[in-house]
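The structure under discussion appears below in the form of structure tokens.
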Amino acid sequence: NAGVMQNPRHLVRRRGQEARLRCSPMKGHSHVYWYRQLPEEGLKFMVYLQKENIIDESGMPKERFSAEFPKEGPSILRIQQVVRGDSAAYFCASSPGTGGEQYFGPGTRLTVT
Amino acid sequence: EDQVTQSPEALRLQEGESSSLNCSYTVSGLRGLFWYRQDPGKGPEFLFTLYSAGEEKEKERLKATLTKKESFLHITAPKPEDSATYLCAVRSGGGADGLTFGKGTHLIIQP
């Protein structure tokens, strides 16, 4: 049973470009979470999605960031007009339902130059 | 606002030297306390979930315990392969499902 998959693993963008991060949850999991880990800081919750629905986006920056989890295909975290402060590791996690443990992917390391 | 504080920030032990990591939390209605292990350049790996005070879970050389204010991760006779950053996280009863993480304890086991 494959784990949570994220791609790309490393992404380099220039300031002002768009970044698209993809996450495929574990088989049988319909709940997806995105977290950001800045250097020397802990993991910070960004958004929680189920298929075709955003359930909780309380941790998402108000501008430039968006997320989706379509009926078919992976979940996408989109960052428009990236700035240097967006450089971080972005992790996706999935769970089979609410209230249980979350299983994390290997992360996408975004570098903005 | 939920808060999780882990101590110490870093810990260096000799192989076989047992110790404990601390996770103190403030949360409105605990709906689960989670321990993860994270190796450099990788995603967090799930270890344990604890739900109520007095609960204990064990896995190999690791044992997690929970009180109403804190959790401990006890490491017995550690080996160098136990070296990693150990993360503690809570889920609150406020309705949100996202986890609040501490900054972690960086553990080094020297042979």
- Item | Environment charge of residue A:106, counting only residues whose C-beta is closer than 13 Å and scoring Lys/Arg +1, Asp/Glu -1 | +2
- Taking chain B, how many lysine pairs are there with alpha carbons less than 23 Å apart, if each pair must be eight or more places apart or span two chains? 17
- Note on the structure: Semi-axes (Å, rounded, descending) of the ellipsoid equivalent to the protein assembly as shown per its C-alpha gyration tensor are 30, 20, 16
- Note on the structure: To the nearest 20 debye, chain B has a Cα-centred charge dipole, built from +1 on Lys and Arg Cβ and -1 on Asp and Glu Cβ, of 120
- Averaged over the residues of A:97-103, the number of partner chain Cβ atoms within 10 Å of each residue's own Cβ comes to 6
- region A:53-70 to region A:1-43: how many Å between their Cα centroids? 13
- Item | Stokes-Einstein D in µm²/s, Kirkwood radius over Cα pairs - region B:11-111 at 37 °C with 0.692 mPa s viscosity | 237
- If Lys and Arg each add +1 and Asp and Glu each add -1, what is the summed charge of the other residues whose beta carbon sits under 9 Å from the beta carbon of residue B:25? -1
- Note on the structure: Taking chain A, the lysine pairs whose C-alpha atoms sit under 17 Å apart (8 or more places apart or on different chains) add up to 4
- In Å, descending, principal axis extents of the Cα set of region B:60-111: 45, 19, 17
- Message: As I understand it, the dipole of the protein assembly as shown uses +1 on the Cβ of Lys and Arg and -1 on the Cβ of Asp and Glu, about the Cα centre. Which of A:97, B:110, A:2 lies farthest toward its positive end?
- Response: A:2
- Query: When Lys and Arg each count +1 and Asp and Glu each count -1, what net charge do the other residues less than 11 Å away from residue A:70, Cβ to Cβ, add up to?
  - Reply: -1
- Query: For region A:38-113, what is the convex hull volume of the alpha-carbon atoms per residue, in Å³?
  - Reply: 114
- Query: For residue A:30 and residue B:57, what does the FRET efficiency come to when R0 = 35 Å and r is the distance between their Cβ atoms, rounded to the nearest 0.05?
  - Reply: 0.85
- Kindly list the residues of region A:28-63 that lie in the label zone of residue A:84, defined by a backbone N under 16 Å from the point 7 Å along the Cα-to-C-beta vector. A:39
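Here, each number is a calculation from the coordinates, and none is a lab measurement. This structure is a prediction, so every number in the text was calculated from the model and none was measured. Every residue, glycine among them, receives a Cβ derived from its backbone with ideal geometry; neighbour counts consider all protein chains shown.
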